[in-house]
Amino acid sequence: MAILGASQLQLHYADMEVFSNVTLQVDEKDRIGLVGPNGSGKTSLIKVLLDLQDYDSGEVFKKDDLRIGYVPQTVLETGKGTIDDQIMSAFSEIIKTETQMQNSALEIEKSTGPQRSNAEKMYSSLLEKYESIGGYDYINRKDKVVDGVGLSQEVLKTNITDASGGERTRTALATALLNEPDLLILDEPTNYLDFKGLEWLEDFLIKSQNAFIVISHDRFFLDRVTESIWDIDKKHLKTYKGNYSKFKLIKEENETRLLKEYEKQQEYIKREENFIARYHAGQRSKEARGRAKKLSRIEKINAPENQRSVSIRPTSATRTGQVVISTHGLVVGHAMNNQNIDLFHVPDLEIQKNTTTAIIGNNGIGKTTFLKTLLGEIPPLNGFSELGYNVKTGYFRQGSDEIPNDISVIDALLEIKNITIGEARSFLARFLFSGDEIFDQVRSLSGGEKGRLALARLLLKEPNVLILDEPTTHLDIESREALELMLQDFEGTVIFVSHDRHLISFLADYLLIIQNQTVIQFKGNYEEWVNENSSSKSKNKDTNRPVKLDSRKKSKNKTPKDNSKKELEILESKIKELESSIKIVETQLSKASDSGNIDEIYELGDKHTTLNKQLEEALSEWTNN
């Protein structure tokens, strides 16, 4: 059943067409990924569907009482109170009902006779409503979502106006998820999530019973959660069944077929036109006129348009020594209020030439600090790192904030290397800066444009060791793919921090995993690491675990830790007892509700919550053993 739809939508910005003839439909439980190059109109389309933006023509229709949850790419500094207050607003109906129940309970206490009977009926009605809208477990649900999106208890106390962009976005995401809308719309939801948050959100969406639309450039994410793709390309929208990988395959096949059909038709038209021109006045003029008439009626296939795409070619890399970076007793951290804060210890390591290493870990764990420590921009708290022979590093900073805002795109390139204007134009064209765009001020560029310019500046230096901090942020899928191919062909060494699991799986020879205040090395890509971790956990937490980082030592398997059979039996017995107790309390709660015994209801409700919490802890302990 359709819950949202649109017909023949058309949108212009001044004289620039954004999209036209867009017709679409969202059914219950649809799982849709909206993709397209940066600037193709994805966010504009969503805003049109949500009545947040005017459009030129067409029609939008929605199911009556459709509840929509929308999380934009950038959440503005709006709202009052703390982050926790903002999230709790998702439970306004539950909190309102709790207040009504309290007032109703007081009314019962001070009433007699028929008035008391009416008050008890009111309370019973409110109790039913409270149960039906999830009153008994809403705090538990909130805690799970807050933990899932990566908001700590300390962050929850932050005033919303003082929160960072990432914290505001995750707050909006948590609030939208807890509202349980009929249709959830998320614009680039993976931008501020670490691996734990990404996997949690994916699992949440996979289990969701409601429809959702996600705008994303994260191919790994799209493959996991979507079942259909809306592709905005060349100002039109087309729908494909399947996840992103299936869509890409079908689209490429369609484009190849269309090109062949176009070329075949062009050959036919040229052949017919030559015949008509040759015989239009001769003995075969009648046949020529017939062919001309037939040709005029042919439905011509439009020439396939070439989409502008980034064409990044790696520069030549000079040779380095075998070891490009090494660490010795390195402790990474920073100073705060005249005190040193240890983030993690780095076991001695050597990064070999011509390898590609991905550094991964949760948000805020110190990945950028690690890169800056390796490069000598931040002093270590202990130990040291050193660059190898003939190493020339090129550092891509997260956010590209090292580019001056008050200069033009071409001047930003020329300040790196003195080349001719013609060479600069040609070089910038490979990064989609052409025509008068090269004279645009840096301050006017979008995040994706700044990222492309930063990459252009970086490669112009001709480094032999690339150190990249979140290089795919703000890049669309086509630009990400171009970057991947460039890095794959790069003749030097690559070290990068990223949450892009596709990039990591595609490129990495090694992973450096920062966790538990140390660094672990794994030889392989992200998927292999996940599989190895899953396998290790299912068998034993210490078997085949990645070895602490030291490329000069061989991996040694640790002796598996024996689990006590007696402890497991005690846990299983405890779980059974808790489950039995919960069932008894639920039966007692039902009877107390029927009789309207308020004191007993409150007492049993608290007992039910306590038992459920104990059961969760026991199950978690049993799973980890």
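Is it the case that Leu512 is buried (at least 18 other Cβ atoms within 10 Å of the Cβ) and either assigned to a loop (DSSP other than H, G, I, E, B) or not small (Gly, Ala, Ser) (or both)?
It is true that Leu512 is buried (at least 18 other Cβ atoms within 10 Å of the Cβ) and either assigned to a loop (DSSP other than H, G, I, E, B) or not small (Gly, Ala, Ser) (or both).
Return the residues of the range 360-401 that are more than 21 Å from Val519 (Cα to Cα), charged (D, E, K, R) and within 27 Å of the chain's Cα centre (by Cα); say none if nothing qualifies.
Arg397, Asp401
With the structure loaded, tell me whether His474 is open to solvent by 10 Å² or more (accessible area, probe 1.4 Å) and part of a loop (DSSP other than H, G, I, E, B) or whether it fails that test.
Considered against the rule, which asks whether it is open to solvent by 10 Å² or more (accessible area, probe 1.4 Å) and part of a loop (DSSP other than H, G, I, E, B), His474 comes out as yes.
When the residues of the range 125-143 are narrowed to those that are surrounded by 15 or more Cβ atoms within 10 Å (Cβ to Cβ) and within 28 Å of the chain's Cα centre (by Cα), which ends up farthest from Glu188 (Cα to Cα)?
Tyr138
Within the range 386-426, restricting attention to residues that are of a type in the set (Asp, Glu) and in a loop (DSSP other than H, G, I, E, B), which residue is least open to solvent (accessible area, probe 1.4 Å)?
Glu402
Which of the residues spanning the range 222-242 are free of Cβ contacts under 8 Å to residues at least 60 places away in the same chain and either open to solvent by less than 70 Å² (accessible area, probe 1.4 Å) or in contact with an Asp or Glu (Cβ under 6 Å, 6 or more places away or on another chain) (or both)?
Asp223, Arg224, Lys238, Tyr240, Gly242
Considering only the range 19-117, give the strands (runs of 3 or more DSSP E) lying wholly within it that have at least 1 residues that are aromatic (Phe, Trp, Tyr), under 30 Å from Gln153 (Cα atoms) and open to solvent by 50 Å² or more (accessible area, probe 1.4 Å).
68-71
Matching residues to (1) touching a Lys or Arg at 6+ places or on another chain (Cβ under 8 Å); (2) more than 24 Å from Asn21 (Cα to Cα):
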residue	(1), (2)
Thr239	no, no
Tyr244	yes, no
Asn254	no, no
Leu259	no, no
Tyr262	no, no
Tyr279	no, yes
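Name every residue in the range 479-509 that is of a type in the set (Ser, Thr, Tyr) and buried (at least 20 other Cβ atoms within 10 Å of the Cβ), in order of residue number.
Ser479, Thr493, Ser498
I'd like the residue in the range 76-95 that is out of contact with any strand residue (DSSP E or B) (no Cβ under 9 Å at 6 or more places or on another chain) and over 22 Å from Lys144 (Cα atoms) and, out of all such residues, is modelled with the lowest pLDDT.
Glu77
Would you confirm whether or not the range 452-470 contains a residue that is part of a strand (DSSP E or B), over 23 Å from the mean Cα position of the chain (by Cα), under 30 Å from Phe220 (Cβ atoms) and of a type in the set (A, V, I, L, M, F, W, C)?
yes
Any idea which residue in the range 342-385 is nearest to Asp469 (Cα to Cα), counting only those that are small (Gly, Ala, Ser) and open to solvent by 40 Å² or more (accessible area, probe 1.4 Å)?
Restricting to residues being small (Gly, Ala, Ser) and open to solvent by 40 Å² or more (accessible area, probe 1.4 Å), the top hit is Gly364.
Of the residues in the range 182-210, how many are assigned to a loop (DSSP other than H, G, I, E, B) and either of a type in the set (Lys, Arg) or surrounded by fewer than 17 Cβ atoms within 10 Å (Cβ to Cβ) (or both)?
Total satisfying the criteria: 2.
The values are calculated or read from the model by the stated rules, or taken from the named source; none is laboratory data. Keep in mind that this is a model prediction, so the values were computed, not measured. All Cβ positions, even for glycine, are placed from backbone atoms using ideal geometry, and neighbour counts span all protein chains on display. Note: accessible area is taken over every heavy atom of the protein model, side chains too, but ligands, DNA and RNA are not part of it. Shrake-Rupley method; radii C 1.70, N 1.55, O 1.52, S 1.80 Å.
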